[in-house]
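See structure below.
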Amino acid sequence: MMANRRLVNALVLALLYWRRRQGRTRRMWVNKYVKLRESLGEFHRLVGELRLNDGEDFREYFRLSRCQFDDLLHRIGPRLTKTNTRFRKCIGPAERLAICLRYLATGDSYHSLSYRFRVGWTTVGMIVPEVCKAIWEGLVAEFMPVPKEEDWWEMARQFHTHCDFPNCVGAIDGKHVRIVAPPRSGSLYYNYKGTFSIVLLALVDVNLCFRIIDVGAYGRGSDGGTLRDSAFGQALQAGTLELPPDAAIPGAEELGPLPFTIVGDEAFPLRRNLMRPYPGRNLPRRRRLFNYRLSRARMVVENAFGVLAARFRMYHRVMGQHPQNVEVCVKATCVLHNLLRRDAPPRTSRSPSTDAPVAPATSSLTLASVTRQGANNATVEAVRVREAYTAYFSSEAGSVGWEAAVP
């Protein structure tokens, strides 16, 4: 009896709700300002005018030239194409790309972009990560492939030529991308700078191009911990990066073949293929020379981050998106950065050093059984490698003329 009464009450409530819904009239299907998108929207008016200018204004607006924009649209346009419906006309791939690039270039809020392009702000929230994902998937194979052995050799040659650091294949560092703390995330994203962030870990070559990146680590972790947990760090530790075999440095063959290394700051551990500076202040001159030469080679990653943030101003804002969407935006900016660096003028050498490493040879520094100096210390082999580089930089073969002024 009670069950039948509950059923009748539910049916009566449903009938009353249906009648109330029937009496309503929808106030609007589309906002009035959105209806004028094709006549007054920023893409259909301002962008069209920028195309008619000399091109510098277009590049300043999108960070891409007209040719680069059209080429990118040709590459990813099929991924962005939607189908018109009986109710409304879809936003075309060119306009979707324009909205995304403008967000990356300025970091403006979704609401601000929605008013300027005359689309809904929720639509902007769907367009930006979708286009960023298409940019990453469409460009990564060409502009950020995983380096092979011949690529490592070329990177080492460039570092020796421009930075006077032989057998160096890249500089590594981490950059914190500020975000709004996700709900119920605690202190996972809280970093040492007092903000919430995810980490962009990048390996950079002399031309300021990103060769390997890892995005999305919690901001609370250190750069060394981020490297340890990343796929790149695990491959470096396991020796599966296809780095070239150990090679002797020209003019210092007495040191024996030395491994190809990556340079980083104090936040990274000292390993056989990863060099960090000597700690402390009152160091002997030979160690100060090593720290200086390593710092000179490591400057390329700092410069790359500076160029990236200056070009894409979203890095100057606190991003209010979900961390996964922030991750795809960061990936898109990195691969776009490489696309733009491809057309940049080649870097000129600041030193007369033009020697390249000699042919590969078997390493004489490899130990049969690696021992450790302490629980958190580097291996004996890593220490020996750093001492060998220190001896080379202090020798006549490895010194450069302008370094004589170093105290």
inquiry  = Please verify whether F232 is in contact with an Asp or Glu (Cβ under 6 Å, 6 or more places away or on another chain), in contact (Cβ under 8 Å) with a residue 24 or more places away in the chain and assigned to a helix (DSSP H, G or I), treating the condition exactly as stated.
reply    = yes
request  = Output the residues belonging to region 62-104 that are assigned to a loop (DSSP other than H, G, I, E, B) and among the charged types (D, E, K, R).
outcome  = R63, K82, R86, R88, K89
message = Of the residues I127, I135, I179, only one is at negative phi and assigned by TED's automatic domain parsing to the domain that holds S222; which?
response = I179
request  = Of the numbered conditions (1) of a type in the set (S, T, N, Q); (2) without any contact (Cβ under 8 Å) to a residue 24 or more places away in the chain; (3) not in a loop (DSSP other than H, G, I, E, B), T240 fails exactly one; give the number of that condition.
outcome  = (3)
ask   = Can you tell me which residue in region 146-188 is surrounded by the fewest Cβ atoms within 10 Å (Cβ to Cβ), limited to those that are free of Cβ contacts under 8 Å to residues at least 12 places away in the same chain and under 22 Å from L200 (Cα atoms)?
value = P183
Region 262-278 residues that are touching a residue at least 40 places away in the same chain (Cβ under 8 Å) and within 16 Å of M299 (Cβ to Cβ), paired with ones that are buried (at least 23 other Cβ atoms within 10 Å of the Cβ) and of a type in the set (S, T, Y) (beta carbon under 7 Å, 6 or more apart) = M275/T261; M275/Y389
task = Return a yes/no flag: does region 87-101 have any residue that is under 26 Å from V326 (Cβ atoms), in contact (Cβ under 8 Å) with a residue 40 or more places away in the chain and of a type in the set (D, E, K, R).
result = yes
Options L294, L340; residue that is out of contact with any strand residue (DSSP E or B) (no Cβ under 9 Å at 6 or more places or on another chain) and at pLDDT 85 or above = L340
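The values are calculated or read from the model by the stated rules, or taken from the named source; none is laboratory data. Quantities reported herein were computed from a predicted structural model and do not represent experimental measurements. As a convention, Cβ positions derive from the backbone with ideal geometry for all residues, glycine included, and neighbour counts pool all protein chains shown.
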